[in-house]
Amino acid sequence: MAESAAAADPREMSKRIISFPRPKIILFGDSLTEWAFQRTGWGALLADRYARKADVVNRGYSGYNTCWALHLLDKLFPKKDTSSPPPPLGPPQPREMVTVFFGANDAVVENGAAAKHHVPLEEYRQNLSTIVQHLQKVSKSTFVVLIAPPPVDSVAHLNHCRRELGTDLDDCGRSNESVGLYAEACVQVGREMGVPVIDLWKMMQEGGGDWKRYLCDGLHFSEEGNAFVFDALMRVVEEHGRSGEESLVAEEMPMDYPSFEDIDPITYAQMFAAWMEKHHY
């Protein structure tokens, strides 16, 4: 009896439960990514969709362009040390997804109010290629999704900057035409490197509707804009997110640990042990 009670002791069970590496979904970008975890943000929607199935990690850096992002790559996405012996056999590493979402700052007008963020178009194209190449070298199984910058409402953003800064700026240093060129370059990089691209600049303006409703300040997403990005990303995952038996489609992914509905209040210790053995925990 004492043996049975000890086996069912949750304190003892907790020592045996090893944290299995969930898949990670890493969001890498500028403020359009950093703000993604705000209420109704596209990153928050993503975390809700993948609850208990994948860890959604925000690596957004407000104001950053692709030149600055290059200096973060080795820290955020370190390459494996091939000089060390391989680790002992353990559970397989799950597939990961990385969204790369830069261009809104790279595309600012070269001599405008936000010129410090500007990156020449060809350099932006090369930087994006370098980022994707790095991610593919870190892991060939990483599912990379490029997100092209959305359109910008320069008038609305200028008014927003005037209110926020309390100054009478002549311009906000942003042009929708310029952003369109950078979005096109992003699409070209995706085509050349074989990774899917969400072309927000084109998609949001299709159909002749009021695309400005997707923006809250002429640059960043409104609630409707966040929903647009989330839905577009989910369509890409549905179309491209399967590889062999592995799927990044949330509805097809296993849940981390059993549902409470399946846990027996008497035999839960044995059940957890059997479940973890079956799932290689």
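Of the residues screened, Val179 is one that is surrounded by 15 or more Cβ atoms within 10 Å (Cβ to Cβ), within 30 Å of Ala115 (Cβ to Cβ) and at pLDDT 95 or above. Checked against (1) modelled with pLDDT of 95 or more; (2) over 15 Å from the mean Cα position of the chain (by Cα); (3) acidic (Asp, Glu); (4) surrounded by fewer than 21 Cβ atoms within 10 Å (Cβ to Cβ), Asp48 passes all but condition (2).
Return the residues of region 114-136 that are basic (Lys, Arg) and at pLDDT below 95; say none if nothing qualifies.
Lys116
For a quick check of your reading of the model, give me the residue pairs whose first member lies in region 62-86 and is assigned to a loop (DSSP other than H, G, I, E, B), whose second is modelled with pLDDT under 95, with beta-carbon atoms closer than 6 Å and at least 6 apart or on different chains. Cβ pairs passing all conditions: Asn65/His117; Phe77/Val138; Lys79/Val138. Counting just the residues of region 239-253 that are touching a residue at least 40 places away in the same chain (Cβ under 8 Å) and out of contact with any Pro (no Cβ under 6 Å at 6 or more places or on another chain), which one comes out farthest from Ala47 (Cα to Cα)? That would be Ser243. If you go through region 181-211 and keep only what is part of a helix (DSSP H, G or I), without any contact (Cβ under 8 Å) to a residue 60 or more places away in the chain and within 25 Å of Ala227 (Cβ to Cβ), you end up with Glu184, Val187, Gly190, Leu200, Trp201, Lys202, Met203, Met204, Gln205, Glu206, Gly207, Gly208.
Within region 254-279, residues that are closer than 18 Å to Lys53 by Cα reach partners that are modelled with pLDDT of 85 or more and among the charged types (D, E, K, R) with beta carbons closer than 7 Å, at six or more positions or on different chains, in the pairs Met255/Arg52; Met255/Lys53; Asp256/Arg52; Asp256/Lys53.
Just one residue in the set Phe230, Phe272 is closer than 30 Å to Pro150 by Cα and part of a helix (DSSP H, G or I); that residue is Phe230.
The set of residues in region 140-154 that are in a loop (DSSP other than H, G, I, E, B) and over 21 Å from Glu239 (Cβ atoms) comprises Pro149, Pro151, Val152, Asp153. When you look at Asn159, is it closer than 29 Å to Asp231 by Cβ, of a type in the set (S, T, N, Q) and at pLDDT below 95, yes or no? For Asn159, the condition - closer than 29 Å to Asp231 by Cβ, of a type in the set (S, T, N, Q) and at pLDDT below 95 - is met. Could you tell me whether any residue of region 197-210 is buried (at least 16 other Cβ atoms within 10 Å of the Cβ) and touching a Leu at 6+ places or on another chain (Cβ under 7 Å)? Yes. Checked against (1) at pLDDT 95 or above; (2) under 25 Å from Cys186 (Cβ atoms), Arg95 meets all criteria but (1).
The values are calculated or read from the model by the stated rules, or taken from the named source; none is laboratory data. Please read all numbers here as calculations on a predicted model, not as lab measurements. Neighbour counts are summed over all protein chains in view; Cβ atoms, including those assigned to glycine, are modelled from backbone coordinates with ideal geometry.
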